[in-house]
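First the structure, in the form of structure tokens, and then the observations on it.
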Amino acid sequence: MEKKQNNEYTINGKVNGYQNDYIYLKIDNSVDSVLVKDSTFVFKGAVTEPRNASLYPENPNSKAPMGYSGFIIENNPISIHLTFDNFEYKGWILPKLTMDSIKGSTNQKILEDFDLRMKNTFDKEKNNGVREKILFENLTELIENNPKSFVSGEQLASKANFYGYLSSSQLETLYRKLDTSYQNKDDLKYITNIIERRKILDIGKIPPKIILPDEEGELVDSSTLKGKFLLLEFWASWCGPCRKTNPELRKLYNSYTRKDFEILGVSQDEKLSDWKTAIKKDSLKWIHVIDSLNTIGKEYKLTTIPFNVLLDKERRVIARDLKPSKLKDVLESKLNKNTL
């Protein structure tokens with residue numbers, strides 16, 4: 001007999017350390033609240049499909065900093081245990097809700113099982129070749145066992161660009177296993193975009209050449225920068241993570257620039273003044289060009305920055321999306337083998 005589907009959710013919750021006060025449930029842009037009595041609370045409602053939700057100790061619309069607990073809500077009876085506490089942040093004492101346990105959300109269980117599998121396998125492995133194999137196997141198991149769960153599409157989207165491990169063919173294989181009618185449309189769009197980017201930037205491919213103006217307005221052609229390993233570094237002055245990475249990248253450049261290594265910074269800035277000021281302020285000595293019309297960004301299917309691509313002397317892709325520490329390891333290996 002087929003299990004009857006519930007058409008609403010009931011959240012029965014308990015909060016340790018909570019006085020009689022309101023607790024807030026946020027689903028998408030909607031916020032609900034109930035009074036906590038004797039450390040217990042109940043929310044009732046319905047969602048059209050499973051989705052991410054969060055419980056807050058204060059109204060999230062207040063924009064005040066606080067610690068909240070996220071989970072996956074669905075039309076089922078759900079039991080949640082939380083702990084209320086305070087934490088210090090920049091001299092402020094702020095409220096926090098910590099999730100101790102949750103039962104009744106099948107999608108939450110799927111996510112927790114996948115996270116545990118990743119922790120016990122992928123996270124413990126140091127060899128990149130083995131990590132790629134493990135990631136593909138873990139995602140395959142997740143999706144094959146749960147093709148209709150939105151967790152499958154969400155995790156494929158979040159891991160699709162993870163360290164640049166998976167090839168376009170691997171991602172296409174995983175995508176075909178999804179029941180796309182149950183997936184978040186933004187996740188599907190992101191995955192297909194990554195697949196198209198991978199087809200351009202798969203390991204061993206020669207990506208499109210870049211011809212853009214430098215700080216003096218002179219055109220730079222990436223195909224002429226031969227004879228060195230070349231890092232295409234996509235960034236912008238307004239990108240916080242990009243600027244945070246620049247000091248580490250600067251150290252690497254100073255160490256390896258005389259050892260057949262060059263960087264081509266490709267800015268996504270629209271304003272020349274902001275771009276030039278950031279270059280000067282961050283003391284970036286490598287070659288810079290600006291893609292103010294996002295022509296190269298579109299051609300390379302960029303979705304986020306910072307993003308980079310490391311090319312060998314023949315301009316074939318060696319690696320993608322490298323953190324400075326990983327870039328150092330790759331350079332040590334390649335330059336010792338080729339030039340030192």
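The values are calculated or read from the model by the stated rules, or taken from the named source; none is laboratory data. Every value quoted in this text rests on a predicted model; they were computed, and no experiment measured them. Neighbour counts are summed over all protein chains in view; Cβ atoms, including those assigned to glycine, are modelled from backbone coordinates with ideal geometry. Calculation scope for accessible area: heavy atoms of the full protein, side chains included, ligands and nucleic acids excluded. Shrake-Rupley method; radii C 1.70, N 1.55, O 1.52, S 1.80 Å.
Give me the extension gain from S62 to K285: residue separation times 0.36 nm, minus the current Cα-Cα distance, reported in nm with one decimal. Write down the numbers at each step before the final one.
Numbers: separation 223, 0.36 × 223 = 80.28 nm, distance 4.37 nm.
Full extension from S62 to K285 adds 75.9 nm.
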TODO: Could you name the aspartates and glutamates whose alpha carbon sits less than 15 Å from that of K159, not counting residues in the same chain fewer than 8 places away?
DONE: D115, D123, E132, E137, E141, E172, D186, D187, D321
Open item on the list: Defining a contact as two alpha carbons under 8 Å apart and six or more residues distant in sequence, what relative contact order in percent does the stretch 1-150 show?
Closed with: 20
TODO: Could you state the accessible area per residue of the stretch 94-170 in Å², with a 1.4 Å probe and every protein chain left in place?
DONE: 48
Open item on the list: Using a 1.4 Å probe on the protein heavy atoms, what percent of the accessible area of the chain belongs to carbon and sulfur?
Closed with: 48
TODO: Work out the FRET efficiency for F162 and Q19 from their Cβ-Cβ distance, taking R0 = 56 Å, and round it to the nearest 0.05.
DONE: 0.85
Task: Inter-probe distance in nm under a simple model that places probes 7 Å from Cα toward Cβ, at I211 and E49 - done: 4.4
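Let a ≥ b ≥ c be the square roots of the eigenvalues of the Cα gyration tensor of the stretch 245-326; is it rounded (a/c under 1.5), or, if not, prolate (a/b larger than b/c) or oblate?
Working: a/c = 1.79, a/b = 1.14, b/c = 1.57.
Because a/c hits 1.5 or more and a/b fails to exceed b/c, the stretch 245-326 counts as oblate.
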Open item on the list: Just checking my list (1) 26, 57, 17, 0; (2) 25, 47, 26, 2; (3) 31, 58, 11, 0 against P(r) over Cα pairs in 20 Å bins from 0, in percent computed from this structure; which label fits?
Closed with: (2)
TODO: For the pairs K124/K323; K280/K301; K251/K280; K44/K177; K205/K226; K313/K334, note any where the Cα-Cα span goes beyond 22 Å.
DONE: K280/K301; K44/K177
Open item on the list: For the chain, take the longest principal axis of its alpha carbons; what is the angle in degrees between that and the long axis of helix 150-160, to the nearest 10 within 0 to 90?
Closed with: 20
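What full-extension length gain, to one decimal in nm, is calculated for S39 and S181 as 0.36 nm per residue of separation minus the Cα-Cα distance? Intermediate results must be reported in sequence, preceding the final value.
Numbers: separation 142, 0.36 × 142 = 51.12 nm, distance 3.95 nm.
Between S39 and S181, full extension yields an extra 47.2 nm.
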Open item on the list: Can you tell me, using C-alpha contacts under 8 Å and at least 6 residues apart, the relative contact order of the chain as a whole percent?
Closed with: 11
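Just to verify a number: FRET efficiency for D113 and E218, C-beta to C-beta distance, R0 = 41 Å, to 0.05?
Details: r = 55 Å, r/R0 = 1.35.
The value I calculate is 0.15.
What whole-number value in Å² describes the accessible area per residue of the stretch 200-340 for a 1.4 Å probe? The partial results should precede the final answer.
On the way: 7190 Å² over 141 residues.
Roughly 51 Å² per residue, with all protein chains present.
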Open item on the list: Please enumerate, by chain and number, the lysines with C-alpha under 16 Å from the C-alpha of K37, excluding those fewer than 8 residues away in the same chain.
Closed with: K14
Open item on the list: Angle check, please: helix 240-256 long axis (alpha carbons) against the longest principal axis of the chain (alpha carbons), in degrees 0 to 90, nearest 10.
Closed with: 40
TODO: Give the cross-link partners of K63 among the lysines, using a straight C-alpha distance below 20 Å as the criterion and excluding same-chain residues fewer than 8 apart.
DONE: K26, K90, K96
- [ ] Can you tell me the 0 to 90 degree angle between the C-alpha axis of helix 168-177 and the longest principal axis of the chain, rounded to 10?
- [x] 20
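Could you tell me which GluC sites (Glu not before Pro) in the stretch 216-266 are loop residues by DSSP with no more than 15 other beta carbons within 10 angstrom of their beta carbon? Mind showing how you got there, number by number?
Numbers: sites: E216, E218, E233, E248, E262; in loops: E216, E218.
Here the sparse-neighbourhood loop sites are E216, E218.
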- [ ] Compute the distance in nm between two label points, each set 7 Å from the Cα along the Cα-to-Cβ direction, one at E270 and one at T173.
- [x] 4.2
Task: Zone residues, the stretch 212-251, relative to S292, backbone N less than 17 Å from point 7 Å out along Cα-to-Cβ - done: 212-220, 235-238
